[in-house]
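As structure tokens, the structure follows; a few thoughts come after it.
The values are calculated or read from the model by the stated rules, or taken from the named source; none is laboratory data. Nothing here was measured: the structure is a model prediction, and the numbers come from that model. Ideal geometry is used to build each Cβ from the backbone, glycine not excepted, and the neighbour counts take in all protein chains shown. SASA here: full protein model, heavy atoms, side chains in, ligands and nucleic acids out. Shrake-Rupley method; radii C 1.70, N 1.55, O 1.52, S 1.80 Å.
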2 protein chains.
Amino acid sequence: MRGVVMHAPGDVRVEDLPDPVIKEPTDAIIRLAATCVCGSDLWPYRGADAVTEPLSMGHEYAGVVEEVGSAVTTIKPGQFVVGSFFASDNTCEICRAGYQTSCVHREVLGTSGGAQAERMRVPLADGTLVATPSLPDADLVPSLLAASDVLGTGWFGAVAAEAGPGKTVAVVGDGAVGLLAVLAAKQLGAERIIAMSRHASRQQLAVKFGATDIVEERGEEGVARVKELTGGLGAHSVIEAVGTQESMRQAIGATRPGGHVGFVGVLHDVEIKGDDIFMTHVHLHGGPAPVRRFLPELIELIVNRVIDPGEVFDLELPLDQAAEGYRAMDERRAIKVLLRP
Amino acid sequence: MRGVVMHAPGDVRVEDLPDPVIKEPTDAIIRLAATCVCGSDLWPYRGADAVTEPLSMGHEYAGVVEEVGSAVTTIKPGQFVVGSFFASDNTCEICRAGYQTSCVHREVLGTSGGAQAERMRVPLADGTLVATPSLPDADLVPSLLAASDVLGTGWFGAVAAEAGPGKTVAVVGDGAVGLLAVLAAKQLGAERIIAMSRHASRQQLAVKFGATDIVEERGEEGVARVKELTGGLGAHSVIEAVGTQESMRQAIGATRPGGHVGFVGVLHDVEIKGDDIFMTHVHLHGGPAPVRRFLPELIELIVNRVIDPGEVFDLELPLDQAAEGYRAMDERRAIKVLLRP
């Protein structure tokens, strides 16, 4: 089968790879309906994460089950499924508390064959995968794919930030996750949603998803602008969807005392000083989104056409043109690139 | 009147000071029934915080109102009152959300005359002070004084850590705040309470306050021991009541994924790495305890003799012997020293 391999920063190739096979009786093999390039794929692409050996890329997936291991009981061949980027048993105490990405049996997907390919192996299939009620219409596939990571991650950011009725929510970051955090805050009932973005096309999508205010300023100026919009207090809920020192400081600074920061951008070389969280009285919570917690609800919203998160895909390419997809995301020509195997 | 002044690290004197006077119409003057030395007073005493000018010490107080300003409407002369170490209006949006220590009009007490004195001025009296239902019996005074800071702070730590029914709670720090966090966790219904302490007398008080387990190990070993006691997962709720880099790491490490760290030790030169909060999935919340939020409830529990937090005072001295009180706390001969003006 064909699949994407990163050999070095900036060097992404589509190659012939061995077909995945069932290794554990709890595995499933799925044929991907669609996959995509993640913002986090850009860290190694840009050399910010080391590439010490060829990497099989991709961890976002939706598709049809082709085969299941002998111990798989609920997931069946022929079903259309969506899963998260970490496999989880969904039965341990941590999963039951809603933190499937910290499951005691979790496995990172992609380590033995990534999702940017024609087929992939998914471990702990019963715990990891959620089937749609029936085979979805083709136009729903991008949204279901978005649920696999960027929607689920933005949603977790909004939940971690306790976005809800009566709340003013600010979103730091206008990538796919930040934009879908706007959508999530809207669905969760937030009264006012401030999107921090300086790109016209992303601002437009933010407004479409529910943003009521746009702040173009960043850093200290961005913080001052959010305070100005909130009676000098700051937002109740701030979602951090970038992962840098500057964006984290911006998120904490824009939050009112007693407010909540939900951080979902993968933190890179971030250090938080005690003073930044002690005297500010903010709540901090985040990490790798437990997407599995939200998947049943997100799938329902998508198949009932209540939300259309697939709109974040503004470039679609055949899998064989993955290298161009990476370039378009790296140069910020595309918000998010969908790849068709 | 007599009052405590710190002239330099280790140099604490009781001196004749001018009597406090009403400066703002919202002020009250109270005569202290009792005051005490705080763990945070030891930071300048030990030279960890600079002493650039003589400091009027003390911020924990309970006593009788002698005089009120013309704008004070609810607090009246003759009432016995307890207040917090930050004055607050208790009416702004931040106060109403329960964060009175971040009140938009907050004032740090002690800057114009500390509580380790015969009398003190309390700004924003109506917002800051809570009166007891009637003049309390003398034996209740230590507990009411404890409510002013250490009990309220331990209580906030337990609330911030979401201690409650079905939860396993661990407490890092066996000072007065840590011990009263044990008491708070017990009152909030925690199922199991692990006190981290290696001092026999403090362990005894922890058990009396509700601790079910004692862990003597610290740092990585302490974390490992808490995990061992919790099926490998860590505690649901961890209260950090020290404020150092090591204690904060210990608190985060002892918390299970999805669990809550409530930190109330004043953080000194603490830096939290992104990885410590991203992959661990902990919630972090803390800061200067909004004691005012809890005072009505705490006073009720004390006057009804449901709790006896005054037991943390294991040394009582006349105000004039304050220097010996500081030495006893510094050398850890006393958990907490009560001073009688």
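Hey, if we sort B:102, A:40, A:134 by accessible area with the 1.4 Å probe, largest down, what's the order?
A:134, A:40, B:102
Using a cut-off of 10 Å between beta-carbons, work out the net charge of the residues near residue B:4 (Lys and Arg +1, Asp and Glu -1, residue B:4 not included). Please list the in-between numbers first.
Values: positive: B:2, B:13; negative: B:15, B:41, B:320.
Cβ neighbours under 10 Å give a net charge of -1.
Measuring label to label, 7 Å along Cα→Cβ, what does residue B:96 give against each other copy in nm, shortest first?
Distances between equivalent label points, in nm: 4.0.
According to a simple spin-label model (label point 7 Å from Cα along Cα-to-Cβ), what is the distance in nm between residue B:52 and residue B:332?
3.2 nm
What does the accessible area of residue A:273 come to, in Å² to the nearest 10, when a probe of 1.4 Å is used?
Counting only protein heavy atoms, the figure is 100 Å².
Using the Cα centre of chain B as the reference point, and only Cβ charges (+1 on K/R, -1 on D/E), how large is the resulting charge dipole? Debye, rounded to the nearest 20.
It works out to roughly 620 debye.
Considering only protein heavy atoms, with the full assembly of protein chains and a 1.4 angstrom probe, order B:266, A:282 by accessible area, largest first.
On the way: B:266 60, A:282 0 Å².
Ranked from most to least accessible, the order is B:266, A:282.
Given a Förster distance of 22 angstrom, what is the FRET efficiency for residue B:138 paired with residue B:24, based on the Cβ-Cβ distance and rounded to 0.05?
Rounded to the nearest 0.05, the efficiency is 0.10.
Within segment B:1-40, list the residues whose amide N lies under 18 Å from a label point set 7 Å along Cα→Cβ of residue B:323.
B:2-17, B:37
Report, for chain B, the % of DSSP beta bridges that are antiparallel, rounded to 5.
Percent antiparallel among DSSP bridges in chain B is about 55.
May I ask you to order B:213-220, A:330-337, B:230-237 by the average number of other C-beta atoms within 10 Å around their residues, highest value first?
The packing order, highest mean first, is B:230-237, A:330-337, B:213-220.
What base-10 log of the normalised intensity I(q)/I(0) is obtained for segment B:175-228 from the Debye formula, alpha carbons as equal point scatterers, at q = 0.18, 0.24 Å⁻¹?
Per q value, in the given order, log10 I(q)/I(0) is -0.53, -0.90.
One decimal, nm, shortest first: give the distances between the label point of residue A:333 and those of the same position in the other copies, each label point 7 Å from Cα along Cα→Cβ.
Values, ascending and in nm: 7.7.
Could you work out the local net charge near residue A:192, counting Lys and Arg as +1, Asp and Glu as -1, over the other residues with Cβ closer than 10 Å to its Cβ?
Residues near residue A:192 contribute -1 overall.
In peptide B:94-104, what is the residue-averaged number of other protein chain Cβ atoms found within 10 Å of each Cβ?
What the average comes to for B:94-104 is 4.
Can you work out D for chain A in µm² s⁻¹ from Stokes-Einstein, where Rh is the Kirkwood radius over C-alpha pairs, the temperature is 4 °C and the viscosity is 1.567 mPa s? Working shown, then result.
Values: Rh = 20.1 Å.
It comes out at roughly 65 µm²/s.
Heads up, I need the accessible area for residue B:212: 1.4 angstrom probe, whole protein in place, Å², nearest 10.
Approximately 80 Å² of residue B:212 is accessible to the 1.4 Å probe.
Give me the lysines in straight-line cross-link reach of residue A:23: C-alpha distance below 21 Å, same-chain residues under 8 apart excluded.
Once the sequence-local lysines are set aside, what remains near residue A:23 is A:76.
What spacing in nm lies between the two simple spin-label points modelled at residue B:279 and residue A:96, each 7 Å away from Cα in the Cβ direction?
Going by the 7 Å Cα→Cβ label model, 2.7 nm.
If you take every residue apart from residue B:221 with its C-beta less than 14 Å away from the C-beta of residue B:221, what net charge results, scoring Lys and Arg +1 and Asp and Glu -1?
0
Label the protein assembly as shown by shape, choosing from rounded, prolate and oblate, from the square roots a ≥ b ≥ c of the eigenvalues of the Cα gyration tensor; if a/c is under 1.5 it is rounded, and otherwise prolate applies when a/b is larger than b/c, oblate when it is not.
Prolate is the answer for the protein assembly as shown, as a/c is 1.5 or above and a/b outweighs b/c.
Assign unit charges at the C-beta atoms only (+1 for Lys and Arg, -1 for Asp and Glu), then state the dipole size of segment A:89-236 relative to its Cα centre in Debye, rounded to the nearest 20. List each step's numbers first, then the result.
Numbers: 13 positive and 17 negative charges, 22 e Å.
For this selection, approximately 100 debye.
Would you mind telling me the antiparallel percentage of the DSSP bridges in segment B:232-308, rounded to 5?
So the antiparallel bridges in segment B:232-308 amount to around 0 percent.
Within segment A:313-332, whose backbone N sits under 14 Å from a point 7 Å along Cα→Cβ of residue A:198?
Of the residues in segment A:313-332, none has backbone N under 14 Å from the label point off residue A:198.
Just how large is the dipole of the protein assembly as shown about the Cα centre, in debye to the nearest 20, putting +1 at every Lys and Arg Cβ and -1 at every Asp and Glu Cβ?
So the magnitude is around 880 debye.
What are the equivalent ellipsoid semi-axes of segment B:1-149, built from the alpha-carbon gyration tensor (square roots of five times its eigenvalues), in whole angstrom, biggest first? Intermediate results must be reported in sequence, preceding the final value.
Numbers: eigenvalues 118, 63, 46 Å².
The three semi-axes for segment B:1-149 are 24, 18, 15 Å.
Nearest 5 is fine: what % of DSSP beta bridges in segment A:154-286 come out antiparallel, could you say?
If I count the DSSP bridges inside segment A:154-286, around 5 percent turn out antiparallel.
Could you state how much accessible area residue A:75 has, in square angstrom rounded to the nearest 10, with a 1.4 Å probe and all protein chains kept in place?
10 Å²
Round to the nearest 0.05 the FRET efficiency obtained for residue A:118 and residue B:67 when R0 = 56 Å and r is the Cβ-Cβ distance.
0.10
Let me know the shape class of segment A:154-286, please: from the alpha-carbon gyration tensor, a ≥ b ≥ c as square roots of the eigenvalues, rounded when a/c is under 1.5, otherwise prolate if a/b is greater than b/c, or oblate.
rounded
If we hang a label 7 Å off Cα along the beta carbon direction at residue B:300, how far is it from the matching labels on the other copies, in nm, shortest first?
Reported distances to equivalent positions: 3.7 nm.
Provide a whole-number value for the mean count of partner chain Cβ atoms within 10 Å of the Cβ atoms in peptide A:282-291.
Values: counts 4, 6, 8, 8, 7, 9, 3, 0, 3, 0.
Mean inter-chain Cβ contacts per residue within 10 Å come to 5.
Please compute, for peptide B:225-232, the average count of beta-carbon atoms on other protein chains lying within 10 Å of each residue's beta-carbon.
1
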